[in-house]
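Asker: Questions regarding the structure given below will be posed in turn.
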């Protein structure tokens, strides 16, 4: 295996300074922006991606960890979205099998009509998936439902339905996309916020950005600029051309999703539970993930766009009470290991609605009169299709010369290029983190200094060094929130690991690893409303 590309900050900045013009400058390092970066790089374009914080710092590290077609979207009648997502699900599982794998779900029935009713819908799910299906939907007896979900409440249980979707590690998938795009020639920089859009004769020709670490500003020329900033796209749109004089209406209606993490003992199995309709009509998941259980999620309108949104008291109460209706061991506030919130960039319907549960999860691409390409909406599962659509819109607007598509459909990401997918049974995503999280790069990690120095079960000094040298990590948060998912799994444990991680990062980068800031963040992930 070839040595991975180094992500030394000085070398990346030098590359930026030496570049006269880019074909594409992407603003935003979440799922959408990173997907576009890889697609464009594989088509031979000169690509720059700038992220104001860390890759996947926002929404893209706070998903429910599901690679899914969207069972509830089928119930809403959005067949086209489900069809696309089911086929993109297959592409994602193929291209990143070390961090995205099939997962079985059981939908328990406590009323006689539920098994045939929901089962029929899930059979339609199978039909839409076709050859991309992961396994046939099965009708389960009461006995087999309890075998699949041994922690389920038995009283009143009639049976259940088993179906298949997928799950993944969202932040590590984002990182794999970033590193694979870089391997294909793209230049990606985190901690490089865009401060201004540059126009000439009414057309967008470039931008200004500023290095967070040094304060130095850079002026960048680009033929095409893509706004992929998620829930923050409207703020950037307001800096563009005519919008400076005539403000444009917002296109995003942010929705907040809260997730609660408890120990695996609450659901000690490798099968997820899905409740299609809770007391207030929402969907509830209980998902095994990296040795813990994720409970969620909510769908609450949120108008302030905090980088670290906090849960509302009613949301926490909803998750715990609904989980308690179905699990034999009822989770309490004191059982929570971590609580975190993601903001979904839902596209506003023509008539603004305050009910974000009814808003489509489809994406939208807009091209302004000045040439700013804005993409928002969508979900992780369809990131690849979204990227193709963005580039098609760029071609149609004559911002870029047309080049053939489908370059990413079967392109394996870093870590998967010689990875044995048969080693993921049971799913690597349901067991605790370890070297397996690196796929076929595990051997490279094991050769670094400190590979025998264990900081915690599964985490070594070498992993921190690998993150700093090859995975763009700059701070303790980068390491313990996204390269290693401890903050999202056990916030108290994450806080206890800060000092050794900070010391290693400082040795590697020569920069302040922001230890104190991370300790404050870890407190927030432990603080209940």
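Asker: For a quick protection proxy, order the peptides 185-194, 403-412 by their average other-Cβ count within 10 Å, most packed first.
Answerer: Output ranking for 185-194, 403-412: 185-194, 403-412.
Asker: Using the Cα atoms of segment 109-165 to build a convex hull, what is its mean projected area in square nanometres?
Answerer: With the hull built on Cα positions only, its mean projection is 3.8 nm².
Asker: Something else about it: For segment 446-526, what is the relative contact order in percent, using Cα pairs closer than 8 Å and at least 6 residues apart in sequence?
Answerer: 28
Asker: A follow-up question, please. Packing-wise, with mean Cβ within 10 Å as the measure, how do 105-116, 439-450 rank, highest first?
Answerer: Result, highest mean Cβ count within 10 Å first: 105-116, 439-450.
Asker: What percent does the relative contact order of segment 237-310 come to when contacts are Cα pairs within less than 8 Å and at least six residues apart?
Answerer: Computed value for segment 237-310: 33 percent relative contact order.
Asker: Working from Cα positions, state the angle (0 to 90°, nearest 10) between the long axis of helix 31-42 and the longest principal axis of the chain.
Answerer: Rounded to the nearest ten degrees, it is 60.
Asker: Here's a follow-up. Pairs of Cα atoms under 8 Å, at least six residues apart: use those to get the relative contact order of segment 108-168, whole percent.
Answerer: 47
Asker: Subtract the Cα-Cα distance of residue 405 and residue 79 from 0.36 nm times their separation in residues, and report this length gain in nm to one decimal.
Answerer: That works out to 115.0 nm of additional length.
Asker: Can you work out the base-10 log of I(q)/I(0) for segment 63-161 at q = 0.25 1/Å, using the Debye formula on its C-alpha atoms alone?
Answerer: With one equal scatterer per Cα and no solvent, log10 I(q)/I(0) is -1.27.
Asker: Could I ask something else about it? Taking the alpha carbon gyration tensor of segment 27-110, what are the square roots of 5 times its eigenvalues, largest first, to the nearest whole Å?
Answerer: 29, 15, 14
Asker: Give, in nm to one decimal, the length gained when the segment between residue 201 and residue 499 is fully stretched (0.36 nm per residue of separation minus the Cα-Cα distance).
Answerer: 102.0 nm
Asker: Give the calculated FRET efficiency between residue 432 and residue 334 to the nearest 0.05, with a Förster radius of 22 Å applied to their Cβ-Cβ distance.
Answerer: 0.50
Asker: Taking only the C-alpha atoms, wrap a convex hull around segment 354-478 and report its volume per residue in Å³ as a whole number.
Answerer: 215
Asker: Could you give the semi-axes, largest first, of the ellipsoid that matches the chain, computed as the square roots of 5 times the alpha carbon gyration tensor eigenvalues and rounded to whole Å?
Answerer: Value: 36, 28, 22 Å, ordered largest first.
Asker: Hey, another quick one. Sketch the reach of a paramagnetic label on residue 492 as a point 7 Å from Cα along Cα-to-Cβ, and name the residues of segment 315-341 whose backbone nitrogen lies under 12 Å away.
Answerer: Under cut-off, by backbone N: 334-338.
Asker: Show me the ranking of peptides 419-427, 22-30 by mean Cβ neighbours inside 10 Å, starting with the highest.
Answerer: The densest-packed peptide leads the list: 22-30, 419-427.
Asker: Based on Cα coordinates alone, diagonalise the gyration tensor for segment 446-526, multiply each eigenvalue by 5, take square roots, and list the semi-axes in whole Å, largest first.
Answerer: Over the Cα atoms of segment 446-526, the ellipsoid semi-axes are 19, 14, 10 Å.
Asker: Here is a further query. Quick one: angle between helix 313-326 and the longest Cα principal axis of the chain, in degrees between 0 and 90, rounded to 10, please.
Answerer: 40
Asker: Helix-derived [θ] at 222 nm for the chain: sum -39500 (n - 2.57) over DSSP H runs of at least 4, divide by residue count, nearest 500?
Answerer: -9000 deg cm²/dmol
Asker: How tilted is helix 9-18 with respect to the longest principal axis of the chain? Cα atoms for both, answer in degrees (0 to 90, nearest 10).
Answerer: For helix 9-18, the angle is close to 50 degrees.
FYI, it's all coordinate maths here, none of it is from the lab. Because the structure is predicted, anything quoted here is derived from the model rather than measured. So basically every Cβ, Gly included, is an ideal-geometry build from the backbone, and we count neighbours across all protein chains shown.
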